[in-house]
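Here the structure comes first, spelled out in structure tokens, and everything after it is commentary.
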Amino acid sequence: MAARVVIESTTKDNAVPDKTPTPDERLQNEFNRWASEGEGEKMERHHLDITEKTIRLMDLRPGERVLDLGCGAGWATRLLARLAADGPEGFGQVVGLDVSDEMIRRARAATKDFDNVLYVWGSAQQIPWEENFFDKVLSVESFYYYPDQDRALAELFRVMAPQGRLFILINLYRDNPYSLQWVDKLKVPVHVRSQAEYVELLRRHAFEKVEARQIPDDTPTPDDYQTTSFHSLEDLRAFKRIGALLLMASKPNLRNPAPGYAIY
Ligand SMILES: C[S@@+](CC[C@H](N)C(=O)[O-])C[C@H]1O[C@@H](n2cnc3c(N)ncnc32)[C@H](O)[C@@H]1O
């Protein structure tokens, strides 16, 4: 006689589905708002100086595969794409990834003339890409928002090529005390770590050649500049003088196995 299987429903008919947004959905909502207010494009003005200095250190070669993690409106992705374009080593590809679909939409609209850029909507917590792919990764002003930085680093390690290089640029960190002035103004939670803590975090994830340095922002601040993020123009100038934290690291010369293969 066939056994009777009773399947019990785990949801009651009148149960209200849980609408609490996940941490990624909160980020998506908040940065979609930024995007619709035009903040994505405005960030180019605020981050260009420190990003150009970082891109110089990235030593990009034609043919390389590059990830711009938390690409926003895509202006830095386009800078990378020009440098990694066609070359003797092959066809360079740049991927811009962002958790805000509205940022991705705007980035795509502004990048029509490029044939080596792909913008992808997704999260640093689960990078929708294959193992061992990217030669270089840039992330500008995005890393301290990631709900689980350990998971994001594990994902970066997975998708980076053997000996791939990682460049994380962040303005909000403990050793620049002026940056702490805008923590309370942000509508999503952020991590506030020190340079030493970040270095330790990268080492714990088996990254090699971990290095940190400060990248001052040399753009002048006009006397009539209106700041809502800082208590005063003097504080803003002091913040720029100390500068952003640049974290640099390499993946060791090893390949991550593709999923589904167990190594014994
Ligand atoms: C301050 S903006 C910087 C954008 C861009 N890099 C720039 O400099 O203009 C931070 C960006 O990180 C993205 N972001 C935040 N959390 C993310 C996550 N978990 N995964 C991917 N992107 C994320 C946001 O959507 C936003 O576009």
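The values are calculated or read from the model by the stated rules, or taken from the named source; none is laboratory data. Remember, predicted model here, so these are calculated numbers, not experimental data. Virtual Cβ from ideal backbone geometry, glycine too; neighbours counted across all protein chains shown.
Assorted remarks:
- From the list Gln214, Gln226, the one residue that fits, being closer than 20 Å to Asp49 by Cβ, polar (S, T, N, Q) and loosely packed, with under 14 Cβ neighbours inside 10 Å, is Gln226.
- Hey, Arg158 among the basic types (Lys, Arg), at pLDDT 95 or above and either within 19 Å of Ala76 (Cβ to Cβ) or assigned to a loop (DSSP other than H, G, I, E, B) (or both) or not: no
- Across the range 156-166, a minimum of one residue is classified as of a type in the set (Gly, Ala, Ser), away from the ligand (no atom under 12 Å from the Cβ) and farther than 24 Å from Pro189 by Cβ.
- In this structure, Gln149 does not satisfy being out of contact with any helix residue (DSSP H, G or I) (no Cβ under 6 Å at 6 or more places or on another chain) and on the phi > 0 side of the Ramachandran plot.
- Enumerated strands (runs of 3 or more DSSP E) restricted to the range 58-155, each holding at least 2 residues that are away from the ligand (no atom under 14 Å from the Cβ) and buried (at least 22 other Cβ atoms within 10 Å of the Cβ): 134-140
- Residue match in the range 225-245 (condition: under 30 Å from Val66 (Cα atoms) and under 17 Å from the mean Cα position of the chain (by Cα)): yes
This table checks each residue for (1) surrounded by 15 or more Cβ atoms within 10 Å (Cβ to Cβ); (2) modelled with pLDDT under 95; (3) away from the ligand (no atom under 16 Å from the Cβ); (4) not in a helix (DSSP H, G or I).
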{"position": "Ala3", "(1), (2), (3), (4)": "no, yes, yes, yes"}
{"position": "Glu8", "(1), (2), (3), (4)": "no, yes, yes, yes"}
{"position": "Asn14", "(1), (2), (3), (4)": "no, yes, yes, yes"}
{"position": "Thr20", "(1), (2), (3), (4)": "no, yes, yes, yes"}
{"position": "Glu25", "(1), (2), (3), (4)": "no, no, no, no"}
{"position": "Glu30", "(1), (2), (3), (4)": "yes, no, no, no"}
{"position": "Ala35", "(1), (2), (3), (4)": "yes, no, no, no"}
{"position": "Gly40", "(1), (2), (3), (4)": "yes, no, no, no"}
{"position": "Glu44", "(1), (2), (3), (4)": "yes, no, no, no"}
